[in-house]
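Asker: Can you read through this structure? Questions will come right after.
Quick note: the coordinates plus some simple rules give every number you see, no bench work behind them. Keep in mind that this is a model prediction, so the values were computed, not measured. Reconstructed Cβ throughout: ideal geometry from the backbone, glycine too, with neighbour counts over all protein chains shown.
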Amino acid sequence: LSNRPLWEIAPPDILNKYGIGFESILREHRELGDPRDPFRDAIIRINEKEGLFRRSEEGASFVGKSLFRANVELPANVPIGEYWTDVFVFSKGKLVSENSRSLIIHKQGFERFVFTAAFDYPLLYGIAAVIIAMLSGLLASAVFRKD
């Protein structure tokens, strides 16, 4: 996320030095392997399509001299776990501040209950799933019975 296009914030060599921007990430992966690796290209294409890779030049805004706000929309299918966010502040093309923070994604509500039950009590979860499926089938047959 940035408050304007990256090319207006800093020169490409500075952005690449700190691994900032989608192009920089792709360049790093190309250096690690074959630049025409179809598997890597497919993963990037799929993640872009699912909304897991996204660019936004209006995602951050300054609300004060040294305070900014960034709204991040996460897709519903984002994998749970701990992620690291890196924040870079530039002024006149030079890096003036850098900070890293962890971001923990976890499930809540009924979805969390089902997820926890499936992994912590797999036998009970399996039995409950079979019972629910049987009851759903019985209910459907009763509702749609042609007598």
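Asker: For the range 87-110, which positions are part of a strand (DSSP E or B) and without any contact (Cβ under 8 Å) to a residue 40 or more places away in the chain? Give the steps one after another, and end with the answer.
Answerer: So the first thing to find is which residues in the range 87-110 are part of a strand (DSSP E or B), and the list is 87-91, 94-105.
Scanning the range 87-110 gives VAL87, VAL89, SER91, VAL96, SER97, ASN99, SER100, ARG101, SER102, LEU103, ILE104, ILE105.
Asker: When you scan the range 58-69, how many residues do you find that are touching a residue at least 40 places away in the same chain (Cβ under 8 Å) and not hydroxyl-bearing (Ser, Thr, Tyr)?
Answerer: From the range 58-69, those touching a residue at least 40 places away in the same chain (Cβ under 8 Å) are 58-62, 68; that's our starting set.
This time we only want the ones that are not hydroxyl-bearing (Ser, Thr, Tyr), so: 58-60, 62, 68.
So the answer is 5.
Asker: GLY81: on the phi > 0 side of the Ramachandran plot and over 22 Å from the mean Cα position of the chain (by Cα), yes or no?
Answerer: no
Asker: State yes or no: is PHE53 over 11 Å from the mean Cα position of the chain (by Cα) and surrounded by 11 or more Cβ atoms within 10 Å (Cβ to Cβ)?
Answerer: Values: over 11 Å from the mean Cα position of the chain (by Cα): no; surrounded by 11 or more Cβ atoms within 10 Å (Cβ to Cβ): yes.
Criteria not met by PHE53.
Asker: Also: Output the number of the condition that VAL72 fails; it satisfies all remaining conditions of (1) surrounded by 10 or more Cβ atoms within 10 Å (Cβ to Cβ); (2) without any contact (Cβ under 8 Å) to a residue 60 or more places away in the chain.
Answerer: Tallying (1) surrounded by 10 or more Cβ atoms within 10 Å (Cβ to Cβ); (2) without any contact (Cβ under 8 Å) to a residue 60 or more places away in the chain, VAL72 fails exactly one: (2).
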